[in-house]
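Here the structure is laid out as structure tokens; the discussion comes afterwards.
The values are calculated or read from the model by the stated rules, or taken from the named source; none is laboratory data. It should be emphasised that the depicted structure is a prediction, and the values quoted were computed from it without experimental measurement. Because the Cβ atoms are built from the backbone with ideal geometry, glycine has one as well, and the counts that use them run over all protein chains shown. Ligands, DNA and RNA are stripped out before the accessible areas are found, and what is left, the full protein with its side chains, is counted by its heavy atoms. Shrake-Rupley method; radii C 1.70, N 1.55, O 1.52, S 1.80 Å.
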Amino acid sequence: MSRFKRIDVLNTMLSTGIVPLYYNSDVQKVKQVVKACYDGGARVFEFTNRGDFAHEVFAEINKWCAVECPEMIMGVGSVVDSATAALYIQLGAGFIVSPSLNPDMAKICNRRKIAWLPGCGTLSEINLAEELGCEIVKIFPGKEVGGPSFVKAIKAPCPWTNIMPSGGVTPERESLEEWFKAGVACVGLGSQLTKDFSTITEKVKNALQIVKEIRNGK
């Protein structure tokens, strides 16, 4: 069972604007990355479901987080079916992210009041996701789907839609400005943020500050 309510998870994503994502089979390396992001100010983290026994790594990390990074909301990405979603929910995942739109996953997540961010590539998929109760939709792969111009085009007829691009976003000002000025609610940041352990904390701090400045019109 998640330590966080769904509404708090969604509000944290919207308020911070940054969702780091990472996977490694080495528990200690994942702890290092999570702690570095936490020290930088991140409060939402997407553990990517890859590799054998990934759920066992997540289970250990999530329990560790409750003590060492108590405000960090741990979720899971790259989940493509309802059975896997249920497994991670049982392990305390605060949210579930999918690269695709699977209505069966909506039922599982809604039943347990867990935030679900499905991957969408068209307005029709986005509208269906929202009908299924989704508050934030993921566009994936963000750059290939159409980049910031796609977001802007979607927001024109559907200004109520909250979009999180994943893929094609970097922590540099130019990239973040392009996406946030197009109207995204938050962004997923992967290898561009986490590939160098020694710079993660500073990159997270900088990215959060940039997002704050963009939102304040600076």
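Annotations for the structure displayed:
- Residue-span extension gain [V67 to V27] - 0.36 nm each, minus C-alpha spacing: 12.8 nm
- Each peptide among 161-171, 57-67 gets the average number of other Cβ atoms lying within 10 Å of its residues, and from highest to lowest they stand as 161-171, 57-67.
- Fully extending the segment from Q90 to K107, taken as 0.36 nm per residue of separation minus the present Cα-Cα distance, adds 4.6 nm.
- Modelled FRET efficiency - R0 30 Å, M1 with E131, Cβ distances, 0.05 increments: 0.70
- Spin-label model, N216 to E56: label points 7 Å out along the Cα-to-beta-carbon direction sit 4.7 nm apart.
- Dividing the summed -39500 (n - 2.57) terms of all DSSP H runs of n ≥ 4 by the residue count of the chain sets its mean residue ellipticity at 222 nm at -15000 deg cm²/dmol.
- Heavy-atom accessible surface of region 95-162, averaged per residue, reaches 46 Å², computed with a 1.4 Å probe.
- Gain upon complete extension [E144, A83; 0.36 nm per residue less C-alpha separation]: 19.1 nm
- Global size of the chain as Cα Rg and Dmax, reported in angstrom: 15.9, 45
- Amide H contacts under 5 Å for I139: C120, M164, S166, restricted to partners 5 or more places along the chain or on a different chain, H placed in the peptide plane at 1.01 Å from N.
- Apolar share of the accessible surface for region 9-96: 48 percent from carbon plus sulfur atoms, 1.4 Å probe.
- Cut-off 15 Å between beta-carbons: net charge of the residues surrounding G183, Lys and Arg +1, Asp and Glu -1: +3
- Scanning residues 5 or more positions from T48 or on other chains, those with amide H under 5 Å from its amide H are Y22, Y23, G77, with H placed 1.01 Å from N in the peptide plane.
- Sites T122 and E177, calculated FRET efficiency, Cβ-Cβ separation with R0 22 Å, nearest 0.05: 0.30
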